[in-house]
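Down below is the structure, laid out as structure tokens.
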Amino acid sequence: MSDAVEAKGSCLCGAVRVTAKALDPKVGACHCKTCRTWTGGPFFAADCGSGVTFEGGDNIAIFSSSDWAERGFCRTCGTHLFYRLKESQQHFMPVGLFTDSDLLVFDHQVFIEEKPEFYRFANDTNDMTGAELFAQVSADQS
Ligand SMILES: [Zn+2]
Ligand SMILES: [Zn+2]
């Protein structure tokens, strides 16, 4: 993450403001059923590591979406704020939160096998199945 940048944003109603100290500009889209149900479409997110701070944190509701991860959203306006790994506190932040999107690059798509047929992105990306993603994550941690 040598090209990581600081990024700031907020939810729709302004109750929650977020600062990511080191956002990796390589954006991923997740097509898994959970993300599509949560967001209404593919989930475009940037890896922000554990260096994420919130103002108005009392306004964040958290849903435990699996044994290993949880999802945060604003209690008032419903804006999605993060998907994070419980153990490492690694945050994947919806890129729509951030005011400056010029730095972002659409880099990869995951759970490509769960993508419905009715849409397809034209960007040249690195695509992975869920199994390939989990294999890469466990390789990174060993
Ligand atoms: Zn809000
Ligand atoms: Zn997903």
query: Do you know which residues across the range 36-53 are surrounded by 17 or more Cβ atoms within 10 Å (Cβ to Cβ) and part of a strand (DSSP E or B)?
result: F43, F44, A45, A46, D47, V52
query: Out of F43, F82, which single residue is modelled with pLDDT of 95 or more, of a type in the set (F, W, Y) and within 16 Å of ligand 1 (Cβ to nearest atom)?
result: F82
Residue list for the range 1-35, filter: assigned to a loop (DSSP other than H, G, I, E, B), touching a Ser or Thr at 6+ places or on another chain (Cβ under 6 Å) and either buried (at least 20 other Cβ atoms within 10 Å of the Cβ) or of a type outside the set (A, V, I, L, M) (or both): C11, C13
- prompt: Out of the range 117-134, which residues are part of a helix (DSSP H, G or I), touching a strand residue (DSSP E or B) at 6+ places or on another chain (Cβ under 9 Å) and among the aliphatic types (A, V, I, L, M)?
  reply: L133
field: One residue from G49, G9 being under 14 Å from the mean Cα position of the chain (by Cα) and farther than 18 Å from L133 by Cβ
entry: G9
- line: Residue hits (the range 58-102; over 11 Å from the mean Cα position of the chain (by Cα) and β-branched (V, I, T)) are I60, I62, T76, T79, T99
statement: Screening F73, F98, F111, F54 for residues that are within 16 Å of ligand 1 (Cβ to nearest atom) and in contact with a Gly (Cβ under 8 Å, 6 or more places away or on another chain) leaves only F98
task: Report whether or not R17 is within 16 Å of ligand 1 (Cβ to nearest atom), in contact with a helix residue (DSSP H, G or I) (Cβ under 6 Å, 6 or more places away or on another chain) and at pLDDT 95 or above.
output: no
task: With respect to L97, determine if the residue is in contact with a strand residue (DSSP E or B) (Cβ under 9 Å, 6 or more places away or on another chain) and buried (at least 18 other Cβ atoms within 10 Å of the Cβ).
output: yes
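The values are calculated or read from the model by the stated rules, or taken from the named source; none is laboratory data. Not measured: the values here are computed from a predicted model. In this analysis, Cβ positions are derived from the backbone assuming ideal geometry, glycine residues included, and neighbour counts consider all displayed protein chains.
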